[in-house]
Amino acid sequence: MKKYSFKLNSKLKNIAFGLGYLVIALSSTSCSDDRLDLQPYNSIQEETIFSSPALIEQAVMGMYNAAQRGDYAGAGRGYPFGAAYHQQNDMRGEDMVNTATFYQATYMSAINGSATLNNVYYWLDTYRLINRANLLIEGIDKAVTKGLVTAAATNRFKGEALFFRAISHFELLKHFSRPYQLTGSELYDFGVPYMTKGSTDLQTALANSDVDRETVSASYVKVLADLDAAEAALPSKGTSTVYRIWKDAAIAYKTIVKLHKRDWAGVIAEANKLDGKFSIEADPNTPWANNAGNKESIFSIQNTATNNPTVNGALASMNRGRLLIAISPVIWNNQMWKADDKRRGSDMVYSPTAGATANRKYTNKYKDDVNRTDASPIVRYAEVLLNRAEAKARLGDPTYLADLNAVRNRSLANVSTQAYTASTFTTMADQVNAIVTEKRIEFIGEGKRWGDIHRLINDDLVPTTGIPQKFKNGVPLATNYNPGTPYVFGAGDIAAIPYTDRRFLWPIPDVEVNANPKLKAQQNKGW
Amino acid sequence: MLIIGQKFSYISSILIIFDYDGLNNNQSALSGAMYNSLRQLPNTPIYDPKTPTGYNIFTQGTSSVVGPWKNNAIIANGISNIVYVLNNNMYTSNLTRFIGDVYAGVKITDWLKYRAQFGADNSITDGRLYWNKVHGDGFASGGIVEGNNLNMLRYNIQNMLTFDKAFGSHNLLLTLVQEFQHQRSNYIFGGGSGLADDYFGQGGPITNSYTVQTSGGSITESALASYIARFNYNFAKKYFLQASVRRDGLSQLPYANRWGTFPGVSVGWTVSNENFMQSIRPTLSDLKLRASYAKVGNTDIGNYPFMSLYGNARYGDATGLALIQGGNPDLKWETSVKYDYGVDFGFFNNRLTLSADYFINDQNDIILDRPVSPLLGIPNNNIRQNIGASKNSGIEFSANTDIIKKSDLVWNVGANVSFVKNEVTALVDGSDILYNIDSNRQQVGIIRIGESIRSLYGFEYWGVNPANGNPVYFKADGSLVQQDAMTGAYTTFNASNPGAAGSAASLVAADKKILGNTIPKYFGAFNTSVKYKNFDLGALVRFSGGNKILNLTRRDLLGMDFTNNSTEILNRWQSPSNPGDGWTPRVIAARSAYINMDGIATSRFVEDGSFVKIDNITLGYSLPKDLVQSIGMSQFRIFTTVQNAFIFTKYTGIDPELEINGVDFNTVPRQRTLSVGLNASF
């Protein structure tokens, strides 16, 4: 009897053990359906992003991030507006020299649609920024409709997004489309696809991809419409940070766009709106020594020690640290730039004292090549004044001189003897030439030269003919720099390329035409 | 009455600790081991006693490169002195891995068993990185230091019920399994740049020794739940039938498409066990016919591939959020359907065995990144999609025999060969998908219906214009176009009148062709072993062929900037009277884009990837049994092995096996290793 019950007990133990184990094991895995609903830790799903004012502000910062850093094959090199704007625009012109291989493809116009990544990523990252701007506008609209935020609190953010959308498309027009004034030319009349809807997933992507390039004038209309809407939505800058977009930036950029449209009266009207809001600093170096607090900068992109376009993109790194972009003898020797001009001084120009690059000239506007904290200038008041000066000169208004001198006189060693007077320039061509040349001198390293080359093709007064003749690729000799003695082009220097050559405009990248048959049919001429 | 029988349980575990001293093997990094060493100028020394470091280094401003020595120009692309970098940078990691299993079960009856099993695999990798402050990739930032920790845990729970009973000659086995698997990766790193002194880099991040702090981390996880039923039946060990079905739910797919059903069935007939075969048994000792069908799903598709995600995107020092992944809410299971028909033969008491198989493997709803128009601004311009289907079909043969089988001499030989054909059978929209590498810098391949997946795709090269040294390519219509090496402009080319100027022409995407398939059409191995008394000698020979490789390493060694070139450049075109090999164009500095067509594949760099490799030769000696047993061991053998011994190939690169998807781009070669070892059993 005892034996039997002992056996039974052990059998019961076994049953208990087996069933208990079964219960535990099965119950721990039975609710596998929720176990499979795993949410990511590193990122947030799209549905929750535009649900509160704080999150919307984060999305605004995300949009600025796309302007500041971009995604250049996985690295943030400042495409489009953190550094590439300045570097690519200047490398297309003749006032800066590419000293090694870094920007050679752009500098020598040796581009193709796939391997020369500088222009490929210019397209890719600019549209990446445009999409973030569109998603922000749509997200804010949805949140306002749902009552999660008020229109008053978020209109400003929409204005910032509209500004980025406008200047991004305008930037693409400068490189991929014919100049506005060349209507009926041999260059095709294609603008750039103007994207106004955001894409977040496969379904929206397919819905939004049916776009074409339209015409150049249609694109300009949309750029100005966005800038007007931005102006209406944004508050004035006042003393707020220069690292965000305010109404004044939209107005300033309209002077640029209208200059390209040759709408001289429009340029003057816009520029007049900024009277009294900004002023030209007494020392030309002040905007560079004091990025955040100077009275001239209207909008600049912020860079910090832990967040900047890196050693492979940051303006200080390329111009001063790695010496990959030099000031060209072409502009250095220009006779309209006085030899004792303050802009040739050591605070604005870096000239190594020893080594293989001794006595060559590099811009010192971007000074921090260790931590790369210099801001990237997008527009400053000096440009607005020079735009207005040119518009006034072309309309025969003699008050252009006040604007020109406002920008120029602060850099002169001796204003009383060196300033321009009403009698210095007698013909309109001379006047406009003086203004355009002053812009070249004033904006070295700021990415403004290409825009002027592009808009002045076949101009009636100061025509450009295409990509200009440039100094050869490589480090200039110290003996090439002679203020006042114009540089004479010789063997080895890069020949001018007429605007009818296919290289005047960049090709739409292969990665775009391969994915988009509509654009493939609208590729630029010769590519 | 239910009688609970014996319990059984099992615990096993393995602990692995592994220290790894590594290299930067990034394909385009300035200090990448292969990228850098191939490009070093051949006429500059490694060391220079006149510099502070003792190495040949030229430093100016924020630029530090290998020194030019007696050259008039500095090496291009900022290439550093790789020996200094190798000796002074640190890439170490310490891996601790624990793999353990525990199961316990009950025998409910003698034909019904239940078992519960739990397994875990936890690997912890602790890493330290230092990019030296004095020279190399860390120079511009004042030295970069980082410590990181990656903790990966995968666990697996299974409940199994097994029914195993024989009814006369019918043997039945039914298994039911419920399984859940989960893995999680937990990563954290900290460090910074701007070191006070090189001294503080050697130990990884040291508190307060660097000025700019960086830190971060990431967590990812995925899970799979499965329900499986397997049924095995055989009759008298002559007729075999196996069927199974499983239902799997994958966390990485959207809710609507999460679950998939995957059946399989196989049949076999061991003919040699039949009564009518017994008479020829001594000769034909084994004959089996088999056929099978199975459908499986692919779980290796990324962690959250279908979601639209917003991630961190800072502006200045402010945090921000932006779209970082475009999602696809329609993503569904990628499945593979396999058919196999085979026959096995055994002769002379299985002294000679042969087998042959014919297989078809259809992949459906293949999940790949599909390019979308960059106008849309989707991150990476890619969205994960089920892009199409492909088919692999082929035949396999294998044979094995003991040629000599005596008491003190055994010689065994085996061989196998497979012939495979791969073809893409469907693509979404029917349109081609281009395949790019190196962050889209190189457009190398194409996925197109009717072709092998990721075939090489680019322009077909004709040769060099003997009059001016320009490279010449074929257009789609067979006409020839030359590219001006100086300006990049295309003009027509007439082979019978090479000096003629030619009219303006173009070479566009429509002129690209399929340049070759990257998947081998045949491969196999041959192995042999000889055992004579106490010596053993074995060798393994592998072969593979029928595939092409795009040799971009070779292309970059013909680059036109101031870095090293291979000896192939000596055969370039130099003048009409010295036209070189007719294949290598003229040289002009900085014109790689025009002379080598950088960024687009051309047939000039497409090579045959066939090879025969003697991969493994081993020679061993075992001490005599009685000697070994007297010391208390059961076996003691010493051996020496050569691995990666010899390659026979026409491929001009270092190793034809080191292509990734058919492209050789600065890949790191396998070393030939000679090792000596011993086996001891107690």
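The values are calculated or read from the model by the stated rules, or taken from the named source; none is laboratory data. None of the values given here were measured: they were computed from a predicted structure. Cβ sites come from the backbone with ideal geometry, for glycine too, and all protein chains shown count toward neighbours.
Considered as a group, the residues in segment B:168-206 that are within 13 Å of another protein chain (Cβ to nearest Cβ) and of a type in the set (F, W, Y) include one that is nearest to B:G127 (Cα to Cα), and that residue is B:Y187. Only one of the listed residues (B:L172, B:L224) is hydrophobic (A, V, I, L, M, F, W, C) and within 30 Å of B:T299 (Cα to Cα). That residue is B:L224.
Restricting attention to segment B:101-111, does a residue exist that is part of a strand (DSSP E or B), of a type in the set (D, E, K, R) and more than 14 Å from chain A (Cβ to nearest Cβ)? Yes: segment B:101-111 contains one or more residues that are part of a strand (DSSP E or B), of a type in the set (D, E, K, R) and more than 14 Å from chain A (Cβ to nearest Cβ). Could you please give the count of residues in segment A:481-520 that are free of Cβ contacts under 8 Å to residues at least 12 places away in the same chain, within 12 Å of chain B (Cβ to nearest Cβ) and farther than 15 Å from A:S114 by Cβ? Total satisfying the criteria: 1.
Considering segment A:297-326, the residues that are at the interface with chain B (Cβ under 7 Å from one of its Cβ atoms) and outside any loop (DSSP other than H, G, I, E, B) include one that is nearest to B:I74 (Cα to Cα), namely A:G321. The residues of segment B:583-597 that are at the interface with chain A (Cβ under 9 Å from one of its Cβ atoms), closer than 16 Å to B:Q442 by Cα and part of a loop (DSSP other than H, G, I, E, B) amount to a single one, B:M597. Among residues of segment B:290-317 that are within 11 Å of chain A (Cβ to nearest Cβ), those with a beta-carbon under 8 Å from a residue that is surrounded by fewer than 18 Cβ atoms within 10 Å (Cβ to Cβ) and aliphatic (A, V, I, L, M) at least six positions away or on a different chain give the pairs B:Y304/A:L38. Exactly one residue out of A:A100, A:A143 is surrounded by fewer than 24 Cβ atoms within 10 Å (Cβ to Cβ) and in a loop (DSSP other than H, G, I, E, B), and it is A:A100.
Of the residues screened, B:I446 is one that is out of contact with any helix residue (DSSP H, G or I) (no Cβ under 8 Å at 6 or more places or on another chain), crowded, with 21+ Cβ neighbours inside 10 Å, within 14 Å of another protein chain (Cβ to nearest Cβ) and not small (G, A, S). For B:A489, the conditions (1) under 24 Å from the mean Cα position of the chain (by Cα); (2) small (G, A, S); (3) at pLDDT below 85 all hold with the exception of (1).
Scanning segment A:106-113 for residues that are part of a loop (DSSP other than H, G, I, E, B) and under 30 Å from A:A151 (Cα atoms) turns up nothing. Any idea which residue in segment B:325-366 is farthest from the other protein chains (Cβ to nearest Cβ), counting only those that are closer than 14 Å to A:L202 by Cα and crowded, with 16+ Cβ neighbours inside 10 Å? Here the residue is B:K332. A:P80 falls short on exactly one of the conditions (1) touching an Asp or Glu at 6+ places or on another chain (Cβ under 7 Å); (2) under 22 Å from A:L234 (Cβ atoms); (3) without any contact (Cβ under 8 Å) to a residue 60 or more places away in the chain, and that condition is (3). When every residue of segment A:84-105 is checked against the conditions, at least one turns out to be without any contact (Cβ under 8 Å) to a residue 24 or more places away in the chain and within 12 Å of another protein chain (Cβ to nearest Cβ).
The residues in segment B:129-145 that are in contact with a Gly (Cβ under 9 Å, 6 or more places away or on another chain), within 14 Å of chain A (Cβ to nearest Cβ) and not in a loop (DSSP other than H, G, I, E, B) can be counted, and the count is 4. Counting only helices (runs of 4 or more DSSP H) that sit completely within segment A:200-289, those holding 1 or more residues that are within 14 Å of chain B (Cβ to nearest Cβ), crowded, with 17+ Cβ neighbours inside 10 Å and in contact (Cβ under 8 Å) with a residue 24 or more places away in the chain correspond to A:216-233. Within the bounds of segment B:223-240, is there any residue that is touching a His at 6+ places or on another chain (Cβ under 7 Å), within 14 Å of another protein chain (Cβ to nearest Cβ) and either surrounded by 15 or more Cβ atoms within 10 Å (Cβ to Cβ) or farther than 26 Å from B:D362 by Cβ (or both)? Scanning segment B:223-240, I find at least one residue that is touching a His at 6+ places or on another chain (Cβ under 7 Å), within 14 Å of another protein chain (Cβ to nearest Cβ) and either surrounded by 15 or more Cβ atoms within 10 Å (Cβ to Cβ) or farther than 26 Å from B:D362 by Cβ (or both), so the answer is yes. Does segment A:171-179 include one or more residues that are polar (S, T, N, Q), part of a loop (DSSP other than H, G, I, E, B) and within 14 Å of chain B (Cβ to nearest Cβ)? No, every residue in segment A:171-179 fails to be polar (S, T, N, Q), part of a loop (DSSP other than H, G, I, E, B) and within 14 Å of chain B (Cβ to nearest Cβ).
For the residues B:V245, B:V212, the requirement of being within 14 Å of chain A (Cβ to nearest Cβ), at negative phi, assigned to a strand (DSSP E or B) and over 27 Å from the mean Cα position of the chain (by Cα) singles out B:V212.
Regarding B:S266, is this residue polar (S, T, N, Q), on the phi < 0 side of the Ramachandran plot and either touching a Gly at 6+ places or on another chain (Cβ under 8 Å) or surrounded by 18 or more Cβ atoms within 10 Å (Cβ to Cβ) (or both)? In short, no.
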